[in-house]
Amino acid sequence: MLASIVKNIKRVMAAEYSRELSAKVYAGQCRFARLGYKACGKVGYALVRELVDEKDRSKGILKDGERKYLTTDHIRVRPGEPHEVATVQWIFSRFLEVKSESVVAWELNKRQVPTRTGKPWTRVMVGAILREESYIGNLIFNRRSWKLRQTRTYNPPDQWIRAEGCLEPVVDREVFKQANRFIEERRVDISEEEMLVRLRRTLLKEGRLSISIIDRTPGLPCVATCQTHFGSMRNLYRLLGFTPKRNYEFLESRPLWSEQKTRLTSRIRAAISKAGCRTSSGGWTDSLRVNDNICVSVRAARWTPGQLESHSPHWTIQCDAHVPAGWIAAIRLSEHNRTVLDYVLLPTDGKVKRTIRFSEAARDRRKITCFKTANALIRAITRRLTKKCRASRATPTRPSTRSKISRPKTKSARAPR
């Protein structure tokens with residue numbers, strides 16, 4: 001009885017010590033943040049972490065994953081590479097022209113401007129850069145909190161700790177204010193009826209609607225808000241009485257063939273593993289990496305009618321931004337994308353476009369093999385992969401030269417004692 005009481009008292013004391021230590025660490029981080037030092041975490045694009053001593057003398061640039069080990073050292077934030085700084089300045093100036101994060105991200109990808117992670121640019125990345133005050137010399141801390149045994153919370157702006165003018169600015173302060181003023185004015189709190197009225201007004205003015213038009217028009221909610229309120233852009237267009245040129249019929253059957261892609265990927269993985277090859281996730285949706293060098297991507301080839309009645313239909317395969325070398329196994333859908341027509345297999349050299357289109361007449365010319373059943377497709381993939389694996393394992397070996405065996409000079413085979 002006494003032992004259990006002592007144990008509970010020790011647990012309460014340990015918990016109280018942890019809470020006190022957490023409060024001390026948090027207070028210390030806030031104090032250093034007010035002094036203009038980086039408390040923890042990564043820095044944004046075109047920024048680097050610089051290690052300084054107690055006299056604020058530089059000790060070098062910290063790479064990703066590196067950290068300070070001396071209590072007297074601190075971390076300052078400095079502008080990074082000149083080409084990254086120029087990219088940030090171009091993002092702000094271009095955004096003030098086009099008024100759309102999606103357009104800026106598309107142009108960055110078209111110009112092949114790399115990100116730090118190697119992934120393509122998105123509107124979320126561009127929006128984060130436009131809102132980051134570090135580019136005008138301010139360091140902000142305590143935007144989010146994750147206390148002991150609590151969920152991560154987003155703190156209100158009055159709890160943020162802002163150290164102004166502690167960084168070398170990258171962007172002019174007026175340009176930053178203009179960009180953020182437009183972002184704030186674009187955020188509107190209106191009813192769904194008012195949304196439809198404004199969208200109809202924009203449709204009459206522009207003659208059509210698209211994602212870029214909605215995003216760059218002041219007074220309209222962003223596309224994500226429209227999708228949240230009306231379910232999808234196709235449903236929104238239907239409510240507005242607008243018929244886009246692009247055919248969106250395939251969206252109705254997307255859940256059906258999306259589930260079939262996942263099942264086909266699992267069956268291909270099981271067959272390849274049974275054949276003796278190593279499989280792992282390729283890092284993309286519905287894809288496999290075999291023996292760390294060959295990739296098999298599973299996609300859906302959706303049916304699209306011809307623009308005219310005399311034109312034959314074609315099939316479209318949507319790929320990722322960078323599909324590695326290997327094969328693309330696609331489920332070819334029948335008319336109106338309701339059922340499965342057959343299965344196709346096509347090789348890729350890693351330089352494939354994001355959209356692959358082919359017709360029945362062009363299938364042989366593009367070296368696309370057709371299979372009636374999924375089992376036939378899986379057998380063909382397994383046969384090709386095992387053949388490549390055997391070829392990679394088979395390395396030519398040079399015959400070893402054996403040294404001549406020295407024989408005893410005596411007539412008998414035995415050496416004399």
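Read-outs: derived from the displayed coordinates by stated rules, not from any lab. From a predicted model like this one, the values you see are computed outputs, not experimental measurements. Ideal geometry is used to build each Cβ from the backbone, glycine not excepted, and the neighbour counts take in all protein chains shown.
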Exercise. Label ASN291 and LEU21 with points 7 Å out from Cα along Cα→Cβ: what is the distance between them in nm?
Worked result: 5.0 nm
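Could you tell me which of rounded, prolate or oblate describes the range 152-268, using a ≥ b ≥ c as the square roots of the eigenvalues of the alpha-carbon gyration tensor, with rounded for a/c under 1.5 and, failing that, prolate when a/b is larger than b/c and oblate otherwise? Intermediate results must be reported in sequence, preceding the final value.
Values: a/c = 2.44, a/b = 1.40, b/c = 1.74.
It comes out oblate by the Cα gyration axes.
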Problem set entry | Two-site label geometry, SER4 and GLN227: point separation in nm, points 7 Å out along Cα→Cβ | 5.5 nm
Seminar exercise, completed: Fewest-first ordering of TRP106, TRP146 by Cβ atoms within 10 Å yields TRP146, TRP106
Exercise. For the chain, what does the alpha-carbon gyration tensor say about shape, rounded, prolate or oblate, given a ≥ b ≥ c as the root eigenvalues, a/c under 1.5 as rounded, and a/b over b/c as prolate?
Worked result: oblate
Problem set entry | Only Lys, Arg (+1) and Asp, Glu (-1) charged, at Cβ; the range 187-246 dipole about Cα centre in debye | 380 debye
Problem set entry | Inter-probe distance in nm under a simple model that places probes 7 Å from Cα toward Cβ, at ARG263 and ARG34 | 6.3 nm
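Percent of Cα-Cα pairs more than 19 Å apart in the range 254-391, please. Intermediate values should be presented prior to the final figure.
Values: 4568 of 9453 pairs.
More than 19 Å apart: 48 percent of the Cα pairs in the range 254-391.
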For this session: Please sort by residue number the chymotrypsin sites (Phe, Trp or Tyr not before Pro) in the range 1-76 whose DSSP state is loop and whose Cβ has at most 15 other Cβ atoms within 10 Å.
Result: TYR69
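Cβ under 10 Å from LEU70's Cβ, LEU70 left aside: what net charge do those residues give with Lys, Arg +1 and Asp, Glu -1? Can you show the working numbers first?
Numbers: positive: LYS59, LYS68; negative: ASP53, GLU54, ASP73.
Around LEU70, the charge tally is -1.
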For this session: Express the C-alpha Rg of the range 86-230 as a ratio against the empirical globular expectation 2.2 N^0.38 Å, rounded to two decimals.
Result: 1.21
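Using Cβ contacts closer than 10 Å as the measure, can you line up ASP364, ASP215 from fewest to most? Mind showing how you got there, number by number?
On the way: ASP364 11, ASP215 20.
In increasing order of surrounding Cβ atoms, one gets ASP364, ASP215.
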For this session: Lys and Arg at +1, Asp and Glu at -1: add these up for the other residues within a Cβ distance under 13 Å of TRP315 and post the number.
Result: +3
Exercise. Summing Lys, Arg as +1 and Asp, Glu as -1, what charge do residues with Cβ under 12 Å from the Cβ of VAL104 carry, VAL104 excluded?
Worked result: +2
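For the range 187-246, what class follows from the C-alpha gyration tensor (a ≥ b ≥ c being the square roots of its eigenvalues): rounded when a/c is under 1.5, otherwise prolate if a/b is larger than b/c, else oblate? It would help to have the intermediate numbers written out before the result.
Details: a/c = 1.43, a/b = 1.20, b/c = 1.20.
Verdict is rounded for the range 187-246.
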For this session: Compute the FRET efficiency between ASP158 and LYS110 as 1/(1 + (r/R0)^6), taking r as their Cβ-Cβ distance and R0 = 45 Å, and round to the nearest 0.05.
Result: 0.65
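For every helix of n ≥ 4 consecutive DSSP H residues, a contribution of -39,500 (n - 2.57) applies; sum these over the chain, divide by its total residues, and give [θ] at 222 nm rounded to the nearest 500 deg cm²/dmol. Present the calculation step by step, with values, prior to reporting the outcome.
Numbers: 11 runs with 161 residues, N = 417.
Rounded to the nearest 500, it is -12500 deg cm²/dmol.
Give me the dipole magnitude in Debye, nearest 20, for the chain about the Cα centre, with unit charges on the beta carbon: positive for Lys and Arg, negative for Asp and Glu.
On the way: 83 positive and 41 negative charges, 769 e Å.
With only Lys, Arg, Asp and Glu charged at Cβ, the dipole is about 3700 debye.
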For this session: Mind telling me which of GLN307, GLN89, GLN29 comes out most flexible in a GNM of the chain, alpha-carbon contacts under 10 Å?
Result: GLN307
Seminar exercise, completed: Taking alpha-carbon centroids only, the range 1-70 lies from the range 222-238 a number of Å equal to 44 Å
Problem set entry | Selection of trypsin sites (Lys or Arg not before Pro), the range 44-86, meeting DSSP coil and at most 10 other Cβ within 10 Å | LYS55, ARG57, LYS63, ARG67
For this session: Using only alpha carbon pairs under 8 Å that are at least six residues apart, calculate the relative contact order of the range 50-175 and give it in whole percent.
Result: 21 percent
Exercise. Once Lys and Arg get +1 and Asp and Glu get -1 on their Cβ, which of TRP257, VAL175, LEU96 lies farthest toward the positive end of the dipole of the chain?
Worked result: TRP257
